[in-house]
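Trainee: Take this structure, written in structure tokens, and hold onto it; I'll ask about it next.
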Amino acid sequence: MEVDKGKGEAEETRKVAEADRDTVTLKSSDGKLFEVSKEAAARLSTVLAGMIAGGSIDDNGTDLKQIGSEALENVVDYCNKHANSIPSAALISSSISFNTAPFKEPEEWERKFVDRLSHDALFDLVEAANFLGMERLLDVTCHKISEMMKGKSPDQIREVFNIKNDYTKEELEEIRQELAWAFYDD
Amino acid sequence: METSGGDGEVSGKRAKPSSDNAGGGEEDRVSALPDDVLVLILRRLLTPEAARTSALSRRWRRVWTLLPELRFLYTQDCRQIRAALEAHEASLRCLFVGIRDAAPDSVAAWLPAAAAAARRISGQLVFHNIERGNDAQEEAEERGAFALPCLERATTASLHLGLLGLAVPPAGVFARLTELSLTRVRIHGPGKLGDAVSSPWCPCLRKLTVSDAWGLDNLVIHSDSLRQVKLEDLHGLRQLTIVASALKDLDVTRCFMNNRKQLVASISAPQLVTLVWDDLYDPSFVHLGEMEHLQSLWPFFFLVYGEDSLLHNHACLSLVRRFKTIQSLTLALHYFWEIDDFDYLMEDMTMLPDITFLKLVVSANGHALGASAFHVLRMCSGIRRLMLSFLAPTNVEACILHPAAPEAQLLPRLPDLLSGGHRHGCGHESQEKEGGRAGAHRCGARSAPLNVELLGENWIVPTPTTTSDISRILSSHPGPGRRLSVVGGNSSAAAAMDGWLRSPALDGLQELKFHLEENLLRHCRLASAHHFASTLVVASFGCCVFFPDGDDDDDDDCREKTRKPIESSPRNGTS
């Protein structure tokens, strides 16, 4: 009995201690600190979830050397907004019909979230999301990039993304022939 | 709730939004992304568009061939598909092919490539051919046949062939297939479909759907894995044998009813839980084995008025008679438009099994249905739950009984109005008459809880009369609301529903069910559903978008409720 009671008390103190720290502190490559809810971080990022579970979270700021402060700010911003949003998708039946793509469309607020980003900030965020294993954020940012490609010719796409055409004229012609089916307009 | 902080000092950097045509920085950021991220980008494009990125630069040459899914949506040129399937390299998780009215030669052009690709599919195959019109049937005879490809690794396959032929191979193994759906097909040899879906070939098949099929006169299925079988409109079917030790749900609809000679059906499914036999039935030609676990039964419809010795009623009654107790029985009562020359046949129904949940589906076609419905109800003294679905014109007939009648005690359990098909352009007089009666009676029923159910295909395009009827009832009913169920519906319905949901008649609603058309998601914003959050006990929402109407706490409550188990009705609602 005595032992049980002691254990209960210990657990109580631990719970209180945990409640005190329901956020984690992340440190960007340029040394800025950001706080994010522990619950949201664990839910949205497989990498952070792993770090939290494995106890490798540093109270003074977990170093994320690959992520700049602007991108990390966006990551944290996204986590906070996600925690506050109503996941209406949960109310939508998950049946996949033929016409709908087999992935979820971004929600309205997610669209707005990525729409306001500059070109570079968008790609910084894609890389950060990829690095942190944030599947949903990666989906949302990739959706934005795919929309920037939609309905454009290769020339137009190169222009939007500054892609350098390193094909020779002959190679390009070869590709166009090989992929005639894809260049066919219907 | 715009951006939280940071706008001040970094705003300079954000000044240039990534709008489509604004060239980015100096760097090529996108080509620097790893392959798996590029695949995530390309899979959101249609397959031809994704393949065109090959021409961007060497970096992009083969990225599209790593796509796990290929999607061709309603193209008219099948050559595209063939070339794409030949050029693609990775294993395929999904292949969606939509073709509009495929011409025979163009189908022939891509079928071999499809069959080759089908072997590589590790997930889902969907092929959907939309035919031109209803008269395309004869023309389709001359079109090529789609050879049922060897799906060695695919897990689900859905083929809607628009009446193209389906050639069943003489042998083949569908080792991982768990779901197969064939719609609008003409089935050919050399093999037999029954063999193809039976255990030796399809050891994992759990769900089989065949609907609107020609060329199946004999279907023999032996399967240890099947859980669910749905056979609908198998034109010309004469013999059906199913031996399925694990089968739980069987649905046979309109397979025998137009083909009344030399029929034999033999079903051995000892684990069966749900049986829909919406078809001819006679113990002399339909042999149903032991079904100890059967809980839910839906027999052929019963004609309330008709000529004596009708096959329908015989089929319905003799199937029901097989069972002493049925937890859930769905009875469909049907009225012809013209009943003057017919006999009243309800007296033929003399007894029903012990029923816990009765679902009465009535298509009254404008006739008063009180007598027939209560003939049934009188025999079901033990029911604990009753659901009435009215598939015919929306006269408020559910209430035409007199409040003093013994049946009146059932009133609180009756739905007030159910609607589906409106009769078009006729019956004004009778509608007015019935409407008047119902209106008069309604006063007596005011304190009854309100049960409103909307279902049926026609509801998807609600007529002004339907919506105004329902609005009228809701606004004239001050009693406590209890249940609202809406299946189908479109954007114009959404506006009306929004109004209904706000009606005081529904205050205190305990049960709310929606299943709207999927592609209309964006239009249906049922904010007003939130105010039921405190009273809702059962909620089921499909394909709706809910937007906050009040504070966030309400939403949380509402979401919480949706997770509670929902009792599903046997037929309508989910397809």
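The values are calculated or read from the model by the stated rules, or taken from the named source; none is laboratory data. On a predicted model such as this, the values are computed, not experimentally measured, just so you know. Every residue, glycine among them, receives a Cβ derived from its backbone with ideal geometry; neighbour counts consider all protein chains shown.
Trainee: Which one is farthest from B:L159 (Cα to Cα), of the residues in region B:202-247 that are out of contact with any Leu (no Cβ under 9 Å at 6 or more places or on another chain) and buried (at least 18 other Cβ atoms within 10 Å of the Cβ)?
Mentor: Only one residue fits best here, namely B:V243.
Trainee: Filter region B:28-47 down to residues that are in a helix (DSSP H, G or I) and under 16 Å from B:L92 (Cα atoms), then give me how many there are.
Mentor: 5
Trainee: State which residue is surrounded by the fewest Cβ atoms within 10 Å (Cβ to Cβ) when the search covers only region A:115-143 and only residues that are of a type in the set (A, V, I, L, M) and more than 8 Å from chain B (Cβ to nearest Cβ).
Mentor: A:V140
Trainee: Given the conditions (1) at the interface with another protein chain (Cβ under 7 Å from one of its Cβ atoms); (2) of a type in the set (G, A, S); (3) farther than 17 Å from B:L56 by Cβ, which single one is not true for A:S146?
Mentor: Single failed check for A:S146: (3).
Trainee: Now a separate question. Would you check if there is a residue in region B:5-15 being facing chain A (nearest Cβ under 7 Å) and at pLDDT 90 or above?
Mentor: No, that holds for no residue.
Trainee: Another question, then. Are any residues in region B:262-286 in a strand (DSSP E or B) and within 27 Å of B:T356 (Cβ to Cβ), and if so, which ones?
Mentor: B:I267, B:S268, B:T274, B:L275, B:V276, B:W277, B:D278, B:V286
Trainee: If B:W337 satisfies all but one of (1) over 23 Å from B:W298 (Cα atoms); (2) at pLDDT below 65; (3) in a loop (DSSP other than H, G, I, E, B), what's the number of the condition it fails?
Mentor: Condition not satisfied by B:W337: (2).
Trainee: Within region B:363-379, how many residues are at pLDDT below 80 and not hydroxyl-bearing (S, T, Y)?
Mentor: Matching residues across region B:363-379 total 7.
Trainee: Further, regarding this structure: One residue is enough: does region B:226-244 have a residue meeting the conditions modelled with pLDDT of 90 or more, among the hydroxyl-bearing types (S, T, Y) and not in a strand (DSSP E or B)?
Mentor: No, the conditions are met nowhere in region B:226-244.
Trainee: Moving on to the next point. Can you name every residue in region B:300-326 that is surrounded by fewer than 16 Cβ atoms within 10 Å (Cβ to Cβ) and in a strand (DSSP E or B)?
Mentor: Within region B:300-326, just B:T325 meets the criteria.
Trainee: Can you name the residue in region B:43-70 that is within 7 Å of chain A (Cβ to nearest Cβ) and basic (K, R) and is also nearest to A:F183 (Cα to Cα) among such residues?
Mentor: The qualifying residue nearest to A:F183 (Cα to Cα) is B:R52.
Trainee: At least 2 residues that are among the basic types (K, R) in each: list the helices (runs of 4 or more DSSP H) lying fully within region A:124-186 that qualify.
Mentor: Here the list reads A:135-149, A:169-178.
Trainee: Provide a single number: the residues in region B:340-390 that are surrounded by 14 or more Cβ atoms within 10 Å (Cβ to Cβ), of a type in the set (G, A, S), part of a loop (DSSP other than H, G, I, E, B) and free of Cβ contacts under 8 Å to residues at least 60 places away in the same chain.
Mentor: Result for region B:340-390: 1.
Trainee: Also, I was wondering about something else. Looking at region B:194-202, is at least one residue in contact with a strand residue (DSSP E or B) (Cβ under 8 Å, 6 or more places away or on another chain) and touching a residue at least 40 places away in the same chain (Cβ under 8 Å)?
Mentor: Scanning region B:194-202 turns up at least one residue that is in contact with a strand residue (DSSP E or B) (Cβ under 8 Å, 6 or more places away or on another chain) and touching a residue at least 40 places away in the same chain (Cβ under 8 Å).
Trainee: Still on this structure, please answer the following. Of all residues being of a type in the set (K, R) and facing chain B (nearest Cβ under 7 Å) in region A:149-158, which is farthest from A:R43 (Cα to Cα)? Just the residue, please.
Mentor: Here the answer is A:R158.
Trainee: Would you confirm whether any residue within region B:19-40 is more than 8 Å from chain A (Cβ to nearest Cβ), within 17 Å of A:C142 (Cβ to Cβ), surrounded by 15 or more Cβ atoms within 10 Å (Cβ to Cβ) and at pLDDT 80 or above?
Mentor: Checked against the condition, which is being more than 8 Å from chain A (Cβ to nearest Cβ), within 17 Å of A:C142 (Cβ to Cβ), surrounded by 15 or more Cβ atoms within 10 Å (Cβ to Cβ) and at pLDDT 80 or above, region B:19-40 yields at least one hit.
Trainee: Just to be sure before I move on: is B:T183 modelled with pLDDT of 90 or more and hydroxyl-bearing (S, T, Y) in the structure I sent?
Mentor: Taking the combined requirement at face value, the residue does not satisfy it.
Trainee: Listed residues B:R176, B:R184; which is at positive phi and not small (G, A, S)?
Mentor: The conditions single out B:R184.
Trainee: Among the residues of region B:128-149, is there at least one that is at pLDDT 75 or above and within 14 Å of chain A (Cβ to nearest Cβ)?
Mentor: Scanning region B:128-149, I find at least one residue that is at pLDDT 75 or above and within 14 Å of chain A (Cβ to nearest Cβ), so the answer is yes.
Trainee: Next question, about the same structure. Based on what the data block shows, is B:T65 in contact with a helix residue (DSSP H, G or I) (Cβ under 9 Å, 6 or more places away or on another chain), modelled with pLDDT of 75 or more and under 30 Å from A:E170 (Cβ atoms)?
Mentor: For B:T65, the condition - in contact with a helix residue (DSSP H, G or I) (Cβ under 9 Å, 6 or more places away or on another chain), modelled with pLDDT of 75 or more and under 30 Å from A:E170 (Cβ atoms) - is met.
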